[in-house]
Each structure stands twice: as structure tokens, then as C-alpha cells.
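Heads up, the thing below is written out as C-alpha cells.
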Protein chains: 2
Amino acid sequence: MSAPRMTMKPLMSLDDALAELLGAAVTLEGVESISTFEADGRVLAQDLVAALQVPPEDNSSMDGYAVRCTDVAQALRESLSGVAELALSQRIAAGSSGAPLAPASVARIFTGAPIPLGADAVVMQEDCEVLTSETASTRVRIKAVPEPGQWLRRAGEDIRQGARVLAKGERLAPAELGLAASIGMDFLPVARRPRVALFSTGDELVMPGAVPPEQMKPGAIYNSNRFFLRALLLRLGCAVSDLGIVPDRLDASVQALRAAAQNHDLILTSGGVSVGEEDHIKPAVQSLGSLDLWQIAIKPGKPFAYGRVQSAHFIGLPGNPVSSFVTFLLLVRPFLLKLQGATQVTMKSSAASAHFTWAKVDKRREFLRVRRNGAGGLDLFPNQSSAVLTSAVWADGLVDNPPGRTIAVGDVVRFIPFSELLA
Amino acid sequence: MSAPRMTMKPLMSLDDALAELLGAAVTLEGVESISTFEADGRVLAQDLVAALQVPPEDNSSMDGYAVRCTDVAQALRESLSGVAELALSQRIAAGSSGAPLAPASVARIFTGAPIPLGADAVVMQEDCEVLTSETASTRVRIKAVPEPGQWLRRAGEDIRQGARVLAKGERLAPAELGLAASIGMDFLPVARRPRVALFSTGDELVMPGAVPPEQMKPGAIYNSNRFFLRALLLRLGCAVSDLGIVPDRLDASVQALRAAAQNHDLILTSGGVSVGEEDHIKPAVQSLGSLDLWQIAIKPGKPFAYGRVQSAHFIGLPGNPVSSFVTFLLLVRPFLLKLQGATQVTMKSSAASAHFTWAKVDKRREFLRVRRNGAGGLDLFPNQSSAVLTSAVWADGLVDNPPGRTIAVGDVVRFIPFSELLA
């Protein structure tokens with residue numbers, strides 16, 4: 001059976017599939033200005049340039065006393081006790097700016113407070129002793145000889161005025177929000193949220209809560225993919241419309257797709273994209289746009305569909321939960337980050353030591369569910385079936401194993417922690 | 001100066017500080033039942049036990065044909081062409097349960113569909129050929145000899161009925177939600193959100209947006225800590241009340257603390273907890289409860305305050321942004337997870353190779369801001385000052401460096417990726 005607007009591609013590598021998908025992920029138009037408080041996880045749409053320097057002026061990096069080093073040296077020469085002693089002339093709290101430092105005096109100063117004009121060092125309070133008497137004004141003994149510049153943070157040392165502190169395309173995390181706030185940004189320009197319509201197909205699917213476990217009919221299974229797919233989409237900053245389980249009829253599928261395409265950037269579904277599977281999503285997508293069925297040489301996760309429904313992207317994930325989960329992380333996640341203009345879209349892997357054997361070679365690149373153990377190595381989940389999520393729950397990452405490679409205990413393998421993929 | 005209900009502790013190790021803090025973090029009472037769709041990031045309050053087995057019955061793990069192996073062997077013996085040929089007696093889609101397999105026939109079957117009674121293997125469709133003729137019923141050529149059990153997933157193979165699929169104290173992530181859904185759970189029992197009151201103190205602080213950069217007074221700086229602290233709290237499942245910048249007066253501080261203690265589990269602030277700093281938070285906390293000032297032997301992040309304000313916990317973080325950020329990740333994060341009853345509260349580190357030198361030994365345990373490079377090693381951010389978040393933005397993790405240890409290029413160090421700490 002051949003259809004006019006559906007192509008079946010030969011087995012393709014993950015890298016080729018990713019390149020093709022990223023090529024299709026043209027960055028969404030539209031910049032949103034949102035409160036810096038609400039920008040966690042979003043992608044910056046413009047460079048952020050500092051309109052001021054940080055710190056704004058020379059300031060103290062310690063609680064102590066601001067001094068003029070030559071005054072301390074002079075006082076030391078004049079001292080009989082061998083310890084410099086100077087008058088306390090002022091107190092500068094953080095947030096206040098002091099007067100110029102009077103000759104032969106010191107100023108009490110706190111971390112972050114501006115250095116008074118004329119001072120060139122700070123002596124930390126542990127090296128000072130405050131002398132008070134009823135008759136005289138307060139004096140301070142300076143027990144350590146300061147060096148010019150000591151315990152000073154220089155104006156602009158951390159951020160120069162005009163410097164780019166965050167680049168367009170960076171994904172904002174808590175520290176980024178703090179940095180943006182530190183240069184006075186209360187609103188940030190970010191890419192708008194991708195609008196994603198999510199649904200499932202399959203007459204065997206039952207929603208949890210709709211039928212209790214003891215009343216499930218033979219062949220019926222609970223829909224689980226939509227639960228993790230929705231959570232993954234939300235973590236990536238998407239606005240998710242949950243279209244539920246679409247009935248497996250051509251008219252219902254066409255109607256659901258056409259409606260979803262009106263106001264979504266991506267229509268995401270799972271199931272129904274294997275070669276042999278019979279459902280109505282494939283012809284429905286073709287009738288409204290185009291569809292490519294990909295066979296990607298990875299395990300889990302071989303079948304994958306990419307297409308267009310009018311102006312919306314369409315992605316069909318495999319129906320097996322682990323295949324759907326892994327394929328999302330490897331392909332849909334970078335796609336959605338690219339839609340938002342993120343510059344870093346792929347995950348980082350690191351070298352780790354296998355504490356397991358893997359004798360079953362596969363001609364596909366495999367992503368094995370593993371967990372770091374206390375001995376600095378990786379353990380393998382015994383059941384690598386793609387049918388249940390138990391392996392993905394037990395594991396804390398994936399081993400990226402090249403085609404045809406067996407693994408022996410102690411071998412160095414590529415490890416991708418889930419923490420990198422779930423952020 | 002000594003106060004009745006404030007203690008000053010000697011320099012303590014991070015491990016001791018963490019142990020003391022976790023000891024104080026008694027798990028919050030109250031279990032909430034929330035939609036599985038909304039449970040990402042929350043902590044499970046009860047074990048989840050499967051009320052059904054997964055898969056519910058023996059089913060196919062391939063698209064193909066369900067067969068009785070002895071029938072195929074028999075047909076092969078009778079065949080003139082050397083290929084077994086059997087009648088197609090039924091078609092079993094996923095979600096439907098077929099009739100018992102008629103003698104000497106095969107059943108069309110799809111991934112996930114129940115195996116008909118009498119069948120004992122599946123032959124994948126790539127190894128079959130469908131013969132149709134106008135006069136006869138459809139027949140299927142079976143080109144590979146099946147083994148009993150082939151391409152079958154056995155009932156209960158993935159989850160046994162009565163098995164604990166998720167344990168109390170597990171933090172829920174997308175895969176966990178999918179697994180819970182797969183056993184029919186539409187609502188999950190989770191620990192209630194910790195209610196956290198967040199505020200800043202310091203007369204030098206200005207809110208971004210309140211004053212434009214060019215009009216900032218000398219000594220004034222933008223408040224940045226509250227931006228990243230709020231985002232970190234939200235990522236940990238907390239309900240955050242932002243109390244803003246509390247005026248640095250005793251009456252205002254007492255009033256703010258007393259109000260916050262009424263309906264919060266934790267009052268979190270930054271700044272004002274150094275030994276030499278003069279502000280009104282310390283006496284205000286003492287007047288309403290108790291306060292311990294800790295000097296923790298870590299860098300950045302030495303000063304730390306833990307106390308109680310009536311029934312609420314009080315934590316005071318250092319005011320320097322990087323100190324505040326790092327201290328939150330190392331101490332407050334585990335504290336908040338423990339409050340929710342999470343069993344895994346500390347971060348995982350791994351061995352990595354330093355591609356930098358660190359000659360400046362410190363008697364404190366240091367957390368250096370580093371970034372993984374393309375060559376599998378770690379680069380160091382040149383400015384390790386605790387004053388600006390630039391290092392935490394540039395970096396993608398911390399090196400946990402023991403006291404007094406220098407680092408040479410190629411040394412193996414302990415690396416903690418931020419992705420582990422920010423989830």
C-alpha cells in the first residue's frame with residue numbers, strides 16, 4: 001500500500017534523524033516579556049547587557065575596618081606598644097555611603113559597603129580591637145599590617161557596564177534569574193511557550209480512574225504515556241493541551257488533528273506509527289498534510305513519525321512506554337528546545353565504568369537503563385523490555401551503547417544521567 | 001554581647017551541619033491526594049501497590065501472526081514447497097481479545113494484543129507472507145520456524161499483582177507518573193507542599209524595576225537572591241510566600257517573623273547572619289524563639305543560621321549570592337526534601353578529571369564552580385568570588401574539594417553536576 005503524501009524511509013541513524021528534526025524546528029516567532037520571577041526554564045530571546053557595573057563602586061568583602069595603609073604604617077612607627085592605633089571616625093553600613101576617610105582614622109565597615117574615599121584597604125575585624133574610654137573618643141588597634149587593596153572588591157570587577165551577561169538562546173535556570181536581577185532586570189524577553197497538543201490513540205487504552213483495575217476487560221491497558229509526556233512537556237516550558245484518547249476512527253482522527261493544528265505548534269501522539277499497526281492517525285495526517293515514517297536504528301524506540309498538519313508539526317512516538325520515553329528525551333526534547341531558540345539542545349554524556357555485562361549485541365544503537373552504584377560504577381536493570389516504565393523508574397540514566405558492542409565488567413561506557421535529560 | 005536564646009557554635013563541618021539540620025527536619029504531617037497529572041516533583045506519602053498485573057495477560061511483543069508451534073511444524077512436514085502454510089482464522093487488534101485459535105490456523109496480531117488461547121508463539125510479520133486468492137480464504141506462509149514462547153510477553157512479567165511499584169518517600173518524576181498510571185492510579189498520595197516564607201533584609205537592597213540602573217544611589221545594589229531562592233523553592237515543590245524586603249528595624253522584623261510563623265513551615269532569609277553584621281533579624285528571631293549561628297567550614301558559604309520562630313523553622317543564609325546559592329543547594333535542599341519525607345535527600349557526585357590547577361589551599365572544604373569541557377574534563381571559572389552569580393551561571397556543576405587540597409591538571413576530583421542539585 002502506498003499513499004500519496006507518506007514516505008517510508010530506510011533505517012536511519014539517530015544522528016541523521018536528529019539533524020533532520022532540528023532542521024525542521026524553525027524557531028517560533030514572538031517574544032514574550034515576563035517577570036524575572038516567572039522566567040525559570042524559559043529561553044532568553046535577546047542578549048542581556050548590563051546597564052550598570054557590579055559592584056557599583058569599590059566595596060568591602062569583609063566585616064572590619066577601612067583604612068589608609070600609609071596611616072597604619074605611620075601609626076605603627078609612632079606606637080610604643082608595637083601596634084598601630086587609630087581613631088574611629090565613622091561607621092559605614094551596607095547601603096550607605098560614607099564620608100571621605102578623615103586623616104589618621106579608620107572607618108567601621110561591613111561586607112558590601114562602599115569603601116570611603118581615601119581608604120585603600122580593609123582590615124578584618126578579627127585583626128582589630130576596639131578601645132573605648134569614657135574620656136576619649138573610640139580608638140581601634142590594628143593588629144595586622146594591611147596591604148593596599150586588601151579585602152576590596154573593585155567597582156566593575158564582577159560585571160563591566162555594557163557587558164553581555166546572558167546570551168540569547170540561553171535557557172534560564174535559578175542562577176540566571178539571580179544574575180539578571182543583579183543588573184536590575186525585572187522583566188526578561190523570552191521565547192513564547194511552544195503550544196503542544198497531546199493525545200493518545202488505541203482502542204485498548206483506558207484512562208486511570210475510568211475503570212477500576214478489577215473491572216478491566218481482557219486486552220485493555222491503562223494509558224500511561226500521556227502522563228509522563230505531559231510532565232516532560234511542562235518541564236520544557238510548553239503549554240500543553242491534553243486532547244485525551246482520540247477514538248480510532250478516520251473521521252474522529254481527521255477532526256481532532258484539524259482542530260489541534262489551528263492553535264498549536266506541535267501535535268504529539270504516541271502509538272499507531274509502527275509499520276504494521278492499523279490505525280487511522282497515519283491516513284488522517286496524510287490527508288491534512290504530510291507524513292514521514294522513520295525507522296531509527298535505536299533500541300528502544302525504532303518507529304517514529306514526523307509530519308506536518310497544516311502549519312503545525314506532527315510527531316508520532318512509539319506506543320511502548322519506554323520507547324516513547326526514550327525517544328522523547330533523545331529527539332522531541334531537542335526539537336522543543338530548538339523551537340524556543342535554545343543554543344544548547346543536546347544532552348551531555350560522560351564516561352563511566354560498567355559494573356555489568358551486556359552480551360546480547362544488537363545492530364541498533366542501544367540506550368540501556370542503568371543506575372549509578374555506591375562504588376562509582378553503573379548497574380544494569382535486569383529487564384530491558386520496552387513495555388514497562390519500571391526500568392526508567394529504577395534507573396537514573398542511560399548507557400549510550402554503539403551498535404554491535406558487547407560490554408564487560410569494567411568497560412568504560414557513555415553515561416547520560418536522567419537529570420540532564422529531564423531538566 | 002551574649003543573648004539569652006542565641007548560641008554561637010564553633011566552626012563545624014558540612015556533614016555535621018547537614019546531620020543536625022536533617023535531625024531538625026521532622027517530616028510534615030498531612031497527606032494530600034492529587035491528580036497523577038499534577039504530581040511531578042512531589043514526594044510519595046505511601047507505598048503504591050499494584051492492584052493488577054502488567055501485562056494483564058500473555059500478549060504479543062511484535063506485529064505478526066500468533067501460531068501454535070506444533071501446527072507450524074505439521075504444516076511444514078506436509079508442505080511441498082518447504083514453507084509452512086496455514087489458514088488465517090482471525091485478526092486480533094490491541095484492545096480486543098480473540099477467540100481460541102482454530103486448529104491449523106494463524107491469527108493476525110499486533111503489538112500488545114492478547115495471545116489467543118491455544119497459541120504459543122508469534123512470528124513477526126517480516127517472516128510471513130499473506131496469500132490471497134479469489135476462491136480460497138486467506139492463507140499465510142510462515143517462513144521461519146517459531147520456538148514456543150517467541151515474541152510473547154507473559155502476564156505479570158513486568159509487574160506482579162500485589163507488588164510495590166513505588167515506595168513511600170520516592171520523589172515523583174515523569175517516568176514515575178507513567179508507572180503509577182499504568183497500574184490505574186489517577187490520584188496519588190503525596191506529602192503536602194512545605195509552605196515557605198521568603199524575605200530579604202538589608203537597607204542596601206533595591207528591587208529590580210523599582211529604580212532604574214542609572215538612578216541607583218551609592219551603596220545600593222539590586223536584590224538578586226530572592227529571585228533564585230524562589231525558583232529553587234518552587235522546583236522543590238514548595239508553596240512560596242514572598243514577603244519582600246523587610247525594613248531593617250526591630251519592630252518591623254519581629255512583626256514580619258511573627259506573621260510568617262503563623263502559617264509557614266519554614267522562614268527563609270538571606271543576609272544578616274554573619275557574626276559582625278548588624279541588623280535586626282537576629283534579635284527578632286531570638287525574641288520569638290531561638291537561634292543558632294553556625295560557622296560551617298565550607299567555601300563559599302560560611303555563615304548560616306538555624307532557629308525556630310514559634311512552630312516554624314528559621315534558616316538564615318549568607319547574603320553573598322554565590323554563598324547563598326551554594327548553601328541552599330547543600331543544606332536547604334536536603335532539609336526541604338526531608339520535610340516532605342523523601343528518602344533520597346543528598347546529591348550524587350562522580351569522579352572527573354580536573355583540567356585546571358588550584359594552588360590556593362583553604363582550610364575549609366571548597367565548592368569550586370566548574371564546567372565540563374568537550375574533552376571529558378572540568379574547566380574552572382577564573383573568578384571564584386562569592387559576590388556574583390556569573391560563576392554559577394557559567395558553571396554546570398561544583399567540584400567538592402577537601403580542605404587543604406591543591407589540584408593539578410589531570411587530578412581526579414569529585415564533581416556534582418548542577419542538574420542533580422536543581423531538580
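The values are calculated or read from the model by the stated rules, or taken from the named source; none is laboratory data. Everything quoted here is computed from the prediction, not taken from an experiment. Please note: Cβ atoms are built from the backbone with ideal geometry, for glycine as well, and neighbour counts cover all protein chains shown.
Quick notes
- Just one of (1) out of contact with any helix residue (DSSP H, G or I) (no Cβ under 9 Å at 6 or more places or on another chain); (2) within 24 Å of B:LEU28 (Cβ to Cβ); (3) of a type outside the set (Ser, Thr, Tyr); (4) part of a helix (DSSP H, G or I) fails for B:ALA261. It is (1).
- Look at (1) in contact (Cβ under 8 Å) with a residue 12 or more places away in the chain; (2) surrounded by fewer than 16 Cβ atoms within 10 Å (Cβ to Cβ); (3) at the interface with chain A (Cβ under 7 Å from one of its Cβ atoms) and you find that B:ASN223 fails only one, number (2).
- Exclusive hit being more than 7 Å from every other protein chain (Cβ to nearest Cβ) and crowded, with 23+ Cβ neighbours inside 10 Å, set B:LEU177, B:LEU229: B:LEU229
- The residues in the range B:25-55 that are in contact with a helix residue (DSSP H, G or I) (Cβ under 9 Å, 6 or more places away or on another chain) and surrounded by fewer than 15 Cβ atoms within 10 Å (Cβ to Cβ) can be counted, and the count is 3.
- When the range A:353-371 is filtered for residues that are under 25 Å from the mean Cα position of the chain (by Cα) and surrounded by 19 or more Cβ atoms within 10 Å (Cβ to Cβ), the ones remaining, listed by number, are A:GLU366, A:PHE367, A:LEU368, A:ARG369, A:VAL370.
This table checks each residue for (1) among the hydrophobic types (A, V, I, L, M, F, W, C); (2) within 11 Å of chain A (Cβ to nearest Cβ); (3) over 22 Å from A:ASP396 (Cα atoms).
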| site | (1), (2), (3) |
| --- | --- |
| B:ASP379 | no, no, yes |
| B:ASN383 | no, yes, yes |
| B:ALA387 | yes, yes, yes |
| B:TRP394 | yes, yes, yes |
| B:GLY397 | no, yes, no |
| B:ASP400 | no, no, no |
| B:PRO403 | no, no, yes |
| B:VAL412 | yes, yes, yes |
| B:PRO417 | no, yes, no |
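- Among residues of the range A:72-95, those that are buried (at least 16 other Cβ atoms within 10 Å of the Cβ), touching a strand residue (DSSP E or B) at 6+ places or on another chain (Cβ under 8 Å) and assigned to a loop (DSSP other than H, G, I, E, B), counted: 1
- Complete set of residues in the range A:150-174 that are at positive phi and surrounded by 19 or more Cβ atoms within 10 Å (Cβ to Cβ): A:TRP151, A:GLY169
- For the range B:188-211, the criterion of being part of a helix (DSSP H, G or I) and in contact with a Ser or Thr (Cβ under 6 Å, 6 or more places away or on another chain) is met by none of the residues.
- Test: residue in the range A:247-254 that is in a helix (DSSP H, G or I), more than 19 Å from the chain's Cα centre (by Cα), surrounded by 21 or more Cβ atoms within 10 Å (Cβ to Cβ) and not aromatic (Phe, Trp, Tyr): yes
Residue-wise test of (1) at pLDDT 95 or above; (2) in contact with a Leu (Cβ under 8 Å, 6 or more places away or on another chain); (3) aliphatic (A, V, I, L, M); (4) more than 29 Å from A:MET185 (Cα to Cα).
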position: A:ASP63; (1), (2), (3), (4): no, no, no, no
position: A:ALA113; (1), (2), (3), (4): no, no, yes, no
position: A:ALA119; (1), (2), (3), (4): yes, yes, yes, yes
position: A:VAL130; (1), (2), (3), (4): no, yes, yes, yes
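- Flag if B:VAL285 is part of a loop (DSSP other than H, G, I, E, B) and in contact (Cβ under 8 Å) with a residue 24 or more places away in the chain: no
- Residue check for B:VAL140: closer than 28 Å to A:LEU205 by Cα and either without any contact (Cβ under 8 Å) to a residue 24 or more places away in the chain or part of a strand (DSSP E or B) (or both): no
Table: residues versus (1) in the same structural domain as B:ASN223 (by TED's automatic domain parsing); (2) polar (S, T, N, Q); (3) without any contact (Cβ under 8 Å) to a residue 12 or more places away in the chain; (4) touching a Cys at 6+ places or on another chain (Cβ under 7 Å).
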position: B:SER324; (1), (2), (3), (4): yes, yes, no, no
position: B:TRP358; (1), (2), (3), (4): no, no, no, no
position: B:ARG372; (1), (2), (3), (4): no, no, no, no
position: B:ASP379; (1), (2), (3), (4): no, no, no, no
position: B:PRO382; (1), (2), (3), (4): no, no, yes, no
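- Looking across the range A:373-423, the residues that are buried (at least 19 other Cβ atoms within 10 Å of the Cβ) and among the aromatic types (Phe, Trp, Tyr) come down to A:PHE415, A:PHE418.
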